[in-house]
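The values are calculated or read from the model by the stated rules, or taken from the named source; none is laboratory data. Just so we're clear, the structure is a prediction, and the values are computed from it rather than from any experiment. Here Cβ is always computed from backbone atoms with ideal geometry, including for glycine, and neighbour counts include all displayed protein chains. Note: areas computed on protein heavy atoms with side chains; ligands, DNA, RNA excluded. Shrake-Rupley method; radii C 1.70, N 1.55, O 1.52, S 1.80 Å.
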Amino acid sequence: MSVLMRVLASVVSLVLALIAPPAWADCPLDLGHGVGWVVFSQHYMIAFRPDPSRIEIGEPFALVLNVCTKGGDAAELVGVDAQLSDEARAPAQHLKIVPGKDGRYRAEGLLLPTAGRWEVAFDVRSGEESQRLTHEIVLQQ
């Protein structure tokens, strides 16, 4: 790596460290494997990725998640489901939410039976406050 590239990388790292809210340090957004999404709301932050990393039509998969408040505290994942655009919710056959520690979860048994635009919904809670966050996943044939 050239000297210029190292200096640039150092400057970028420093800027990111200065502008990143310190409370988010307890809620890692990097789930590994270089894939995944982050969903924000006014009160919550969810980082998630599929396992396996490629979602196949009609094949069960899991989601690996970090669920946190914007303050960086762990939040509770209450439910996960999926809906094909403007249709009924897909049955979450044998959906199992496996809690880890510090807001980490694994939602197993998800299945998207057809191609299309799927809205995946996450029900989260912290204390008395709960909210539903959503993210669209486009599944192609």
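What are the residues in the stretch 118-141 that are open to solvent by 80 Å² or more (accessible area, probe 1.4 Å) and under 12 Å from the mean Cα position of the chain (by Cα), if any?
GLU136
Any residue at all in the stretch 16-32 that is under 19 Å from THR134 (Cα atoms) and at pLDDT 70 or above?
Within the stretch 16-32, none of the residues are under 19 Å from THR134 (Cα atoms) and at pLDDT 70 or above.
Working only within the stretch 109-135, note down all residues that are of a type in the set (Asp, Glu) and modelled with pLDDT of 95 or more.
Within the stretch 109-135, ASP123 is the sole residue that qualifies.
List, please: which pairs have Cβ atoms under 8 Å, are six or more places apart or on different chains, and start with a residue in the stretch 51-69 that is touching a residue at least 60 places away in the same chain (Cβ under 8 Å) and end with one that is surrounded by fewer than 20 Cβ atoms within 10 Å (Cβ to Cβ)?
Taking only residues 6 or more apart or on different chains, the pairs are ILE55/PHE61; ILE55/ILE137; ILE55/LEU139; ILE57/PRO113; ILE57/THR114; ILE57/ALA115; ILE57/LEU139; ILE57/GLN141.
If LEU112 passes every condition in (1) closer than 18 Å to GLY36 by Cα; (2) part of a strand (DSSP E or B); (3) open to solvent by less than 30 Å² (accessible area, probe 1.4 Å) but one, which one does it miss?
Every condition holds for LEU112 apart from (2).
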